[in-house]
Amino acid sequence: MKIKDVKCAIIADTPVIRIDSDEGISGFAQLDGVEYRSEYVKQQTQFYRKFVLDLDPTRPQHVMAKINRFVGFKPWGSVASAIEIALWDLFGKYAGLPVHKLLGGKLRDKVRVYSTRTGAPYPHLNLMPEDYYEVAVKRKNHPFGFKIFKFRVGFHGAEGKPALNSIPESYYGDSLGVAHPARGHLTEIGLRYLVQCVEALRNALGEDLGLALDCGPGFSVASAVKFSRAIEKFNILWLEDLITGDFYPYTAVEAYRLLRIKSNIPIHTGEQINSRYGFKELIEKEAVDVVGPDPADCGGLSEIKWIAEFAELHQIMIAPHSGFNGPIGLMASVHVSSTMPANFIAMEFPFASNSAWWDNTLVKGLPQPLVENGYVNVPEKPGLGIELDENTARKYTREGDEDFFETDAPK
């Protein structure tokens, strides 16, 4: 069997990768649908295509060896990661096996997921403690029954605007007006505001549910330490991306190591990091308590499994990230999370900006219910266990991408 084509289309506002074989079997993957990422995703797909045509799709490691040297930190590793995921989907369909069996077999029959956006959006950009309380109550009561919730605070916030920008004089520094624009040192006003927001979240969730905080990036080490110590009493599951993180082209390993030593709250980072080599120093120096690679950015399913196993050797936990990766991304993450060692905490439940992805028309075969008591059941059907409904997908496909559904391969 050979790879006949690699394509990308924007379907319901989200990039979808398709790999076709000469035997009529196709594999799919889904990527973050943030608008400014869509165009370069298509261009990168065409760039990688010429390196993988005519290769055997049942040898994912061999195929990825051809393109892995061209990748980088988020977002520049996402297309290669999606190609890897689509290869496993295709391989599983060909072999008649679920992807988790190809990855070595599952350790768990259901995978815990945590909530970041599901249930209620932030009401506006300027977030006050009472806004956090209201949103937390709504998300807590979502029928999916999540047991862990992550909220954006500090230099993260609603629609990418730092929550700290909700009040004046909250930090010493400048906001540049781009994605994750701010970086600085907390003022007394800013620290007090953050503590009040965290207290509101804990009061809303109660004492029995997990509360994680997505904090940046942007904190100085001194501010991160002060913030961590100020909220110890609220029993925080982890503090994420305090220093470097989302879209940073590097990881401040030594800064994280110092922070971890001084913090009694687990420290987390990793969503932007690509490949095992990107995580090597972070893990070997034991600079964090939790790593959070995203399979759609770190290199795919076999790569994140390697990272999880390497982290376990150093007593570091893993909580995989998942952004706007939609239901195809969800099931890819569920498969690989089911194979991870005992250092697995939970994976992020992904979102997709277009609700059509979740109404059981675009994608067939999703578990029903999709999430029950905070868990997703691991599929046993071949590949990722789901199928893109091409007839419905055509209705949501962006003009100019119609050739995504055309193939000369035998059916």
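What follows is calculated from the coordinates using simple rules that are stated; it is not laboratory data. No experiment lies behind these values; they were computed from the predicted model shown. Note that we place each Cβ from the backbone using ideal geometry, even for glycine, and neighbour counts take in every protein chain shown.
Numbers at a glance
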quantity	calculated
Label-point separation, N126 to I167 (7 Å along Cα→Cβ), nm	1.3
Paramagnetic reach from F247 (point 7 Å along Cα→Cβ, amide N under 17 Å) across segment 270-301	270-274, 297
The chain, relative contact order in percent, only Cα pairs under 8 angstrom and at least six apart counted	21
Mean Cβ count within 10 Å, highest first, over the residues of peptides 265-271, 327-333	327-333, 265-271
Centroid-to-centroid separation of segment 334-386 and segment 83-159 [C-alpha atoms, Å]	9
Pairwise label distance in nanometres, L176 with A230, each label 7 Å out on the Cα-Cβ vector	2.5
Förster radius 22 Å - calculated FRET efficiency between E372 and N141 (Cβ-Cβ, nearest 0.05)	0.90
13 Å beta-carbon shell around H62, net charge (K/R +1, D/E -1)	0
Degrees, to the nearest 10: 326-337 long Cα axis against longest axis of the chain	90
Packing-based order for 74-80, 343-349, 14-20, 163-169, using average beta carbon neighbours within 10 Å, highest first	14-20, 74-80, 343-349, 163-169
Rounded to 5, percent antiparallel among DSSP beta bridges of segment 101-384	30
Förster radius 30 Å - calculated FRET efficiency between K381 and R69, Cβ distance, rounded to 0.05	0.30
Peptides 59-69, 87-97, 148-158 ordered by average Cβ neighbours within 10 Å, highest first	148-158, 87-97, 59-69
Average silhouette area of segment 1-126, convex hull of alpha-carbon atoms, in square nanometres	9.9
Net length gained if the chain between K285 and E207 were fully extended (0.36 nm per residue, minus Cα distance)	24.8 nm
Pair D109, Y40: separation of 7 Å Cα→Cβ label points (nm)	4.4
Degrees between helix 35-52 axis and first principal axis of the chain (Cα, 0 to 90, nearest 10)	40
Across K161/K226; K305/K364; K7/K93; K101/K364; K42/K147; K50/K74, pairs whose alpha-carbon gap is larger than 28 Å	K42/K147
Residue among H124, Y375, T392 farthest towards the positive dipole end of the chain, charges placed on Cβ	Y375
Summed side-chain charge close to E240 - residues other than E240 whose Cβ falls under 10 Å, Lys, Arg +1, Asp, Glu -1	-2
Overall Cα dimensions of segment 101-384 - principal axes, largest extent first, Å	55, 40, 35
